[in-house]
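One structure is given below, encoded as structure tokens.
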């Protein structure tokens with residue numbers, strides 16, 4: 001079953017499905033049927049991937065006949081374009097790509113700035129937290145030192161004061 005499906009896909013892919021459109025247009029050109037060539041050229045203009053050089057030449061010839069303007073396939077644009085406008089179209093595409101790249105770089109810079117601001121804010125929050133911890137330990141230490149002077153037994157049996165004294169030593 002799979003082999004049959006694969007064979008069908010290969011035969012369809014190898015058939016002149018798209019190649020046929022170029023042949024149809026060639027026949028319209030040979031017959032001088034500009035209206036038919038115009039109909040076919042509208043479809044050809046929607047193609048954005050024409051890899052066969054023969055199809056590129058045939059498509060350009062069809063569009064040239066249909067529109068009365070010389071057309072070429074532009075690999076830079078990935079499509080057919082009027083020969084006299086190709087340079088402009090490529091320049092426009094390059095400008096659009098440059099603008100897209102600039103916007104991408106700007107977004108990346110904004111993301112990095114936001115990340116740095118967030119890190120700075122987190123750093124400031126941590127600095128303030130450390131200041132509060134320090135202030136509490138200074139106040140607790142002062143209270144323990146005062147308690148030690150007033151009631152040494154109570155100070156030495158107070159768990160918090162013992163922790164302070166282990167860090168700072170006994171008051172003198």
Being modelled with pLDDT of 70 or more and in a helix (DSSP H, G or I), is that true of even one residue in region 7-21? yes
Meets criteria (in contact with a helix residue (DSSP H, G or I) (Cβ under 6 Å, 6 or more places away or on another chain) and modelled with pLDDT of 80 or more) for residue 33: no
Report yes if residue 58 is in contact with a helix residue (DSSP H, G or I) (Cβ under 7 Å, 6 or more places away or on another chain), at pLDDT 80 or above and either in the same structural domain as residue 97 (by TED's automatic domain parsing) or over 30 Å from residue 96 (Cβ atoms) (or both), otherwise no. no
Could you list, in sequence order, the residues of region 22-65 that are within 22 Å of residue 84 (Cβ to Cβ) and assigned to a loop (DSSP other than H, G, I, E, B)? 45, 46, 47, 48, 50
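The values are calculated or read from the model by the stated rules, or taken from the named source; none is laboratory data. Remember, predicted model here, so these are calculated numbers, not experimental data. Methodologically, a virtual Cβ is constructed for each residue, glycine included, from the backbone with ideal geometry; neighbour enumeration extends over all protein chains shown.
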